[in-house]
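The values are calculated or read from the model by the stated rules, or taken from the named source; none is laboratory data. No experiment lies behind these values; they were computed from the predicted model shown. Cβ coordinates were reconstructed from backbone atoms using ideal geometry, including for glycine residues, and neighbour counts include every protein chain displayed.
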Amino acid sequence: MTTIHILLWLILAYYISLHAIYLILVLVGATQARRYRRGITFAEFRRIGESPLTMPISLIIPCYNEASIVVATVRNALRLNYPQFEVIVVSDGSTDGTIDIMKESFHLRKIDRFGRKHILTKDILGIYESPDHPNLVVIDKVNGRRADAINAAVTLSRYPLLCIIDADCVLESDALLHMARPFLRDTGVAAVAGIVRPSNGLKIVDGKILQNTLPKTLLGMNQEVEYARSFQWARIGLCRLKSMLCISGALLLIKKSLFEEVGGPWPQAITDDIEFTMRLNRHIHDRRRKDHARLVFSPDAVCYTEIPEKIGQYASQRNRWQRGTMQALMRNAGMIFNPRYGMTGLFGMPFFLIFEALAAIVELSAWVLMVVCLTLGIASGVEIIAMIFLAYILGVFLSLTAVLLSESTRLRAANWCDFWRLILAILLDNLGFHQFHLIIRVIGTFQYLLGRKDLGAVMTRNGNQSSLTPHTP
Amino acid sequence: MNLLTIVTITAAILTLLSLFLLILIIGMRIFTDRSLDHEADFRKRSIPLIKAFLRGETTVEIVTPILLKDENLALLILMEEADSLDEEGGKKLHPLFAALPLLRKEEHSLTSRLWQTRLHAAERLGYLGDDTSMPALMTALRDDVVGVRFAAARSLIQHGCTDAVEPILSSLDIPGEVSQRRVAEIISSLGPRAIDSILKVMNGPGYDDSTLSIAARVSGILRSERTIPSLRHLLKHPVANVRLNAVRSLSSIGDHAVIQDIAALGEDSSWEVRSTVMAALGKLRASENIPLLLQGLSDQEWWVRHNAGVALVLMGDQGITALKDAVDHHVDAYGRDMSRQILQQNGLLEPTTEALP
C-alpha cells in the first residue's frame, strides 16, 4: 500500500468520524430537547412571567453603526414578556448617527449614572434614559469593539442576570422566560444559551414576529440548514457532554457575578463569544466550581439574527469566525487533552480543534490529494467519484437527520414550499457552497497564522433582510 | 476489502438511509399537519361551547360528548380556560373537569416510574382532582424529584387545602433563595386562609431558618396585620435572611409603629438587610430617618446607596431637599455620586456636560 493510499484511508476515517460524531451530537441533542420538553409543566412560563419574584435581567445590546435597525431591535426588546428587566443599548463609537436616532425615537435625556467598575473600559461619553421607557438606558462611548461595549454596559447594569444579544437580533417574546427557567430551578446554573436562527425571511412589524418563513436566496437557505444542524441540535448535544465551547454572542444569559469574576469578554478577541465561552469553562474548572456553575442550553429560547445573503459579506463573516476560533483555541490551548478540565478538556476542546478549527484544512487536503491521485493515475476516476459521492451523501444524511428532528418542534418549516426549498438546499449544499466555505476557512486559518487580528468588513444590513420595521422619524 | 468497495458500500447504505429519512420526514410532516388541523378544529368546536357553559347558556350534558372526543386535548383546553379565569370562574369549570374520565388515571400516574409522568399528573390533579385526590397529592409531597413536590404543593393549594401548609413547608425545605421564593408564592396563593398556619410556624418552636424565612415572606405577600408581632420578633433573629424577610414583610404591611424597629437594623452586618431597610424606610415614608438614609448613601454596597437615594426621593420635598444638599455637601464621594444619579433619574437635576470617566 502506497503512502497516498494510506492518506486516502486516513482522510476517509476522518470524514466518517466527523460525521459520526456530529450525528451522535445531533441525536444526544434531540434526546435532551425531548427530555426538556417533557419536564415543562403546563403553566410554568405563565407563572414565571407573572411572578414578581422572578430574577430581573439586564438585557445588553452592543451596537456599532446600526442606525438602520437599532430602533426596531430595541422596540422588540422592550416588548419582551418578562416581569422585570432593563434594556441597555451601547453605541460603541458609532459614526452613523445611531445615538441621534435613538434620542429622537425614545426621547432620551442625558443623565449621570454611576456603577461599580469591575472591568475597565474605554471612556463613556454620555448616558441617556427615556422618560417613555423607564427600563431603557443608552450609553454612548468611545469605540472599543463589541466586548468593550458589553463590559461598559455591565458596569452600569443593575440586575443579577445579564442577557447579551446582537444589535440585529429579534427575540421571541417569551425567550427571556425560557432562558430564566434554569436559573429558577437550579442555583448551580451559571449561564444559559439559546437557539439562534436566521431572521432573513421573518416578517416583523414593530418588534413583533408575524410570520416565520425561510430566507429567499440559496445562500440564505444553505445557512438555514447549517444553523439547524450545527448551531441547534449539535450544540444541545455538546452542552449535554459538558463541551459547550461557543455560546453565540447573539443570545447568552449569564449570572452577573460570574461574568465579573471571569472578567467579561476580551476586547482584543476576533470573536469574543467563542473566546469568552472557553475562558468561562476554564474559570469554572480552575476554581473547582464545576458543580456550582453549569452551562445549560434552552431549546425553547429562540433568537433570530440576520445572516449575510451576499457572497462577499458571507466570506468576510466566515473568515472572521475561523480566525476567531483559532485565536480562542490558542489562548486556551492548555485545556486541550487536559484531564483537569474533565469532559471539556478531554472531548470538547479536542473536538473543537480537530473537527472545527482544522476541518477545513483536512478537507481541502483531501480534495488536493484526490486531484493528485487522479493526475498521477494512482486512483481511478471511479474511485475518486465514489469518494466524492460518499462525502456528499454523508452531509445530506446528517442534514436530513436535523430536519427530521426539527419537524417535531415548532421550528419546522412553516409550509410545504419552504420545506421543499429546504430539501433542495440540502441536496445542493455539497455541490459548491460547502467547498467555497472550505476555501474561506483555509484562508482564514492562514491569515490568522500570519497575524491578521482585525474584525473584517462590517456587515451592512439589507432593507429586505429580516423585514425589521425601518426607522420612521 | 479495498478502498473502493468500502466507499461504495458505505455510500450505497447512506443513500438508502437518506431516502428512508426523506420519506419518514414527509410522513411525519403529513402526520403533524393533520394533528395541528385536528387540534385547531377541536378548539374551534369546543371553546365556544365551554364559554357558553360558563355563561350558563348550555349544560354539561351538551358539552361533555364534544369534549370526550379527545379527552387529553379537552383537558388542556379546560386548563387554559381555568387559568384565564379568577378563582370563582375556575370553580364553574369543575363539572366539565369532572366529566372527563381522567381522574383515576392521573392519580395512578402519580406512582409512575417516570418522573415526568408524575410531574404532569401532579399538576393536572390540581384542576381535575377532588377531595379524594388529596391523600395522593400529600404522598406526592414526599416524591424524590423536587419538581414533582412543587407541582403537588401547587395542586393542594389550588384546592384550598389549608392542612397542607405545614407539610409543604417541611417537604420543600430546600436551601436557596429561589426555592424559598417559589414556596412562598405557592403558599400565599391560598390567601388569608394561610395565615393561621403561618402564625403557627412563626411562633412555634423547632422550625428552621428557611421555613421561618418563607413564613415571613408569605406574611408580607398577604399583608396580614395579625403577623406584625411575630415579624417584629423575627427582626432579632440571628440569621440574616430571616431578618431580611421580616423587614421586607413589615414594610409591605405598612404599619408605622414598626419604623424604629426597622431603622435599628440600618447598620446590620448584612448588606442585603441594610439595603432592604433603606427600601423599607422609603416605602413607609419614615421622614424622621432621613439622617440614617443620608448615611446609607455612603454605604460600601451599591444597592444600599441606591436604595437609600430612592427612599429619600420617596419622602417627598424633605427627602429631595436633603438629597440635593448631599450632591454638593455629602462627606463621601460615593454619596455625592449616588445623590446626583438618583436626582437625575427622577428629572430633578440637570446632567453635567463634561464626559464621564
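Looking only at segment A:404-421, residues that are more than 8 Å from chain B (Cβ to nearest Cβ) and not in a helix (DSSP H, G or I) come to 6 in all.
So that you can scan it fast, the table gives a plain yes or no per residue for (1) charged (D, E, K, R); (2) out of contact with any Ser or Thr (no Cβ under 8 Å at 6 or more places or on another chain):
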| site | (1), (2) |
| --- | --- |
| A:V189 | no, yes |
| A:G201 | no, no |
| A:C239 | no, yes |
| A:K242 | yes, no |
| A:C246 | no, no |
| A:E261 | yes, yes |
| A:P265 | no, yes |
| A:E275 | yes, yes |
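In this entry, B:I342 passes the filter for residues that are within 13 Å of another protein chain (Cβ to nearest Cβ), of a type in the set (A, V, I, L, M, F, W, C) and in contact (Cβ under 8 Å) with a residue 24 or more places away in the chain.
This table checks each residue for (1) modelled with pLDDT under 90; (2) more than 30 Å from B:Q300 (Cβ to Cβ); (3) charged (D, E, K, R).
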residue: B:G176; (1), (2), (3): yes, no, no
residue: B:S189; (1), (2), (3): yes, yes, no
residue: B:I195; (1), (2), (3): no, yes, no
residue: B:Y207; (1), (2), (3): yes, yes, no
residue: B:A216; (1), (2), (3): no, no, no
residue: B:I228; (1), (2), (3): no, yes, no
residue: B:A246; (1), (2), (3): no, no, no
residue: B:L250; (1), (2), (3): no, no, no
residue: B:A264; (1), (2), (3): no, no, no
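Residue count for segment A:308-335 satisfying the condition of being closer than 22 Å to A:C239 by Cβ and surrounded by 18 or more Cβ atoms within 10 Å (Cβ to Cβ): 7. When B:T15 is tested against (1) at the interface with chain A (Cβ under 10 Å from one of its Cβ atoms); (2) touching a residue at least 24 places away in the same chain (Cβ under 8 Å); (3) β-branched (V, I, T), exactly one condition is not met: (2). The helices (runs of 4 or more DSSP H) located wholly in segment B:267-357 that include 3 or more residues which are more than 31 Å from the chain's Cα centre (by Cα) and at pLDDT 90 or above occupy B:290-296, B:317-329, B:333-345. Restricting segment A:49-62 to residues that are surrounded by 23 or more Cβ atoms within 10 Å (Cβ to Cβ) and not in a loop (DSSP other than H, G, I, E, B), the residue that is nearest to the other protein chains (Cβ to nearest Cβ) is A:I57.
Of the listed requirements (1) away from every other protein chain (no Cβ under 14 Å); (2) hydroxyl-bearing (S, T, Y); (3) closer than 25 Å to A:F419 by Cβ, B:T59 misses just one: (3).
Taking the condition surrounded by fewer than 20 Cβ atoms within 10 Å (Cβ to Cβ), in contact (Cβ under 8 Å) with a residue 24 or more places away in the chain, assigned to a helix (DSSP H, G or I) and within 14 Å of chain B (Cβ to nearest Cβ), does A:Y22 pass? No. Condition check: in contact (Cβ under 8 Å) with a residue 60 or more places away in the chain, touching a strand residue (DSSP E or B) at 6+ places or on another chain (Cβ under 9 Å) and hydroxyl-bearing (S, T, Y). Does A:S173 satisfy that? Here the answer is yes, as A:S173 does meet what is asked. Scanning segment A:340-392 for residues that are on the phi > 0 side of the Ramachandran plot and crowded, with 16+ Cβ neighbours inside 10 Å yields a single hit, A:G342. Counting only residues that are under 22 Å from the mean Cα position of the chain (by Cα) and either farther than 24 Å from B:S35 by Cα or among the small types (G, A, S) (or both), segment B:63-82 holds 1 of them. Being closer than 29 Å to A:A414 by Cα, in a helix (DSSP H, G or I) and touching a residue at least 40 places away in the same chain (Cβ under 8 Å) is a description that applies to B:L78. The number of residues in segment B:116-157 that are in contact with a Phe, Trp or Tyr (Cβ under 8 Å, 6 or more places away or on another chain), closer than 23 Å to B:E81 by Cβ and away from chain A (no Cβ under 11 Å) comes to 1. Within segment B:111-139, the residues that satisfy the criterion of being in contact with a Lys or Arg (Cβ under 7 Å, 6 or more places away or on another chain) and farther than 20 Å from B:A98 by Cα are B:S112, B:Q116.
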